[in-house]
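**Q** One structure follows; several queries about it will come next.
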Amino acid sequence: MGQGIDICMGDPREATTLEESVESEFVRTLVAQAGLVIWGAKPAAIFGFTPRAWKRGDAGRKRWLSARLFSIYERATRAYGVRLAWLAAHGEGCMLLAWRPSQVEGLLRDSATCALLEEVGLPTGSGRELVSALIGRLRSYYSGKAAFPHEIGLVLGYPVEDVRGFMADGGRGAKAVGRWRCYGDVEAARARFAELGRCERACKQLYSAGVPVRELLRMGAA
């Protein structure tokens, strides 16, 4: 396991073993759901992974493979400035957080971002402390102990005014809806939605054309 960092794995339905099938799905999910983080286009992404293609094999085995793949790819991506965190088990798979520490640190240079983080009781001294605190809140949510921490939107790259607006009314007063709910500059938000869409398509297309994850990570770190 772990070969998917250096090669584009084929269709998981064509795999000859459960391990190959689950890894193929894992890498494809990583590119599809965290591709913008890999590409360097946004600070963080929350996503789920549940292996589906392989019909044989018990759920416990698939959960074990999901955890094993997380461990392998967490180490592999770290060298290129991307970190992965395990948030919770989810069916036969898991919920994960991917982030670029350098970009999270950059968020803390914005006074408006820091002001909102402090209002909701989050640390602003370092990106590492911030992400650690957010991971704790997300784990509490996935374990059913707390409400979803919508302040995570700041680390997902959403504008401060949009995060504030959503936290205030749950999205009811949004002026536009795309990758997030916009309360402020609609034109800027739609331009950003389009930009992220282009980056996401480019990342997926490169992977589909044979560019491995390791090279995508290099490109994002450049």
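The values are calculated or read from the model by the stated rules, or taken from the named source; none is laboratory data. For clarity, every value in this text was computed on a predicted model and none was experimentally measured. Quick reminder, even Gly has a Cβ in these numbers, built from the backbone with ideal geometry, and neighbours come from all protein chains shown. What goes into the accessible areas is simple: the full protein's heavy atoms, side chains included, and nothing from ligands, DNA or RNA. Shrake-Rupley method; radii C 1.70, N 1.55, O 1.52, S 1.80 Å.
**Q** Please verify whether region 115-135 includes one or more residues that are touching a residue at least 40 places away in the same chain (Cβ under 8 Å) and not hydrophobic (A, V, I, L, M, F, W, C).
**A** No, region 115-135 contains no residue that is touching a residue at least 40 places away in the same chain (Cβ under 8 Å) and not hydrophobic (A, V, I, L, M, F, W, C).
**Q** Something else about it: So, in region 77-87, of the ones that are at pLDDT 95 or above and hydrophobic (A, V, I, L, M, F, W, C), which residue ends up most open to solvent (accessible area, probe 1.4 Å)?
**A** Trp86
**Q** Of the residues in region 1-28, how many are without any contact (Cβ under 8 Å) to a residue 40 or more places away in the chain, under 21 Å from the mean Cα position of the chain (by Cα) and under 15 Å from Lys62 (Cα atoms)?
**A** 2
**Q** Now for a separate question. Across region 136-189, what is the total count of residues that are without any contact (Cβ under 8 Å) to a residue 12 or more places away in the chain, under 17 Å from the mean Cα position of the chain (by Cα) and within 18 Å of Gly48 (Cβ to Cβ)?
**A** The number of residues fulfilling the criteria is 2.
**Q** Any idea how many residues of region 3-37 are assigned to a helix (DSSP H, G or I) and touching a Ser or Thr at 6+ places or on another chain (Cβ under 6 Å)?
**A** Number satisfying all stated conditions: 1.
**Q** If I filter region 66-74 for residues that are open to solvent by less than 30 Å² (accessible area, probe 1.4 Å) and hydroxyl-bearing (Ser, Thr, Tyr), do I get at least one hit?
**A** Yes - at least one qualifying residue is present in region 66-74.
**Q** Additional query: May I ask you to list the residues in region 140-161 that are in contact with a strand residue (DSSP E or B) (Cβ under 6 Å, 6 or more places away or on another chain) and open to solvent by 60 Å² or more (accessible area, probe 1.4 Å)? Give the derivation first.
**A** Kept after step one, since they are in contact with a strand residue (DSSP E or B) (Cβ under 6 Å, 6 or more places away or on another chain), are these residues of region 140-161: 142, 155-156.
Listed by number, the list holds a single entry, Tyr142.
**Q** Taking region 38-88 as the region of interest, how many residues are in contact with a Leu (Cβ under 8 Å, 6 or more places away or on another chain), in a helix (DSSP H, G or I) and farther than 30 Å from Leu154 by Cβ?
**A** 3
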